[in-house]
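Read-outs throughout are calculated quantities, based only on the coordinates presented, and are distinct from any laboratory measurement. The structure presented is a predicted model; accordingly, all values stated were derived computationally and were not measured. Ideal geometry is used to build each Cβ from the backbone, glycine not excepted, and the neighbour counts take in all protein chains shown.
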């Protein structure tokens with residue numbers, strides 16, 4: 001039963017995210033929420049931005065379904081989901097209003113700190129570094145990844161392809 005539920009989530013979540021993204025793109029265009037080309041962008045024409053809200057919404061529902069099915073530790077799932085939603089909300093406000101660097105960086109540090117303090121995790125360096133340094137290194141790497149992904153998100157399609165590859169990799173490794 002659990003295998004069927006997981007398989008259904010693995011198939012339906014990307015499909016639902018794709019459908020929700022199409023709806024989001026139409027709404028973003030209708031409300032003129034567009035990224036206009038500038039010296040830092042890879043776009044030639046004004047492009048809708050903020051469509052990640054559809055993916056975040058659907059993925060959040062998938063995480064809630066995983067918790068409801070009793071797969072994994074619900075408190076850890078809720079912690080990671082809450083931190084992801086904090087980042088998503090700040091990112092949405094950045095997309096529609098162009099936030100300064102400080103609130104974006106602070107939200108990243110807060111989200112990462114919450115997860116590192118409340119969700120159980122293995123040491124990144126497997127004991128090669130004392131735990132406080134291990135956690136500091138983990139936090140720095142998470143901030144790097146969030147900002148790298150945010151940078152790539154501005155290049156049409158690359159963030160989606162990266163996400164799909166990560167998802168398939170996680171599913172593949174976890175099914176071994």
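Applying the set (1) under 18 Å from the mean Cα position of the chain (by Cα); (2) surrounded by 15 or more Cβ atoms within 10 Å (Cβ to Cβ) to residue 148 leaves exactly one unmet item: (2).
Only one residue in 80, 58 is farther than 25 Å from residue 138 by Cα, buried (at least 16 other Cβ atoms within 10 Å of the Cβ) and under 13 Å from the mean Cα position of the chain (by Cα), so which one is that? The conditions single out 58. If you go through segment 11-52 and pick out every residue that is out of contact with any helix residue (DSSP H, G or I) (no Cβ under 6 Å at 6 or more places or on another chain) and within 30 Å of residue 69 (Cα to Cα), you end up with 9. Pairing residues of segment 28-39 that are farther than 15 Å from residue 98 by Cβ with residues that are in a strand (DSSP E or B), at Cβ distances under 7 Å and at least 6 apart in sequence or on separate chains, gives 28/48; 29/48. One residue is enough: does segment 130-138 have a residue meeting the conditions free of Cβ contacts under 8 Å to residues at least 12 places away in the same chain, more than 25 Å from residue 58 (Cα to Cα) and surrounded by 15 or more Cβ atoms within 10 Å (Cβ to Cβ)? Yes - at least one qualifying residue is present in segment 130-138.
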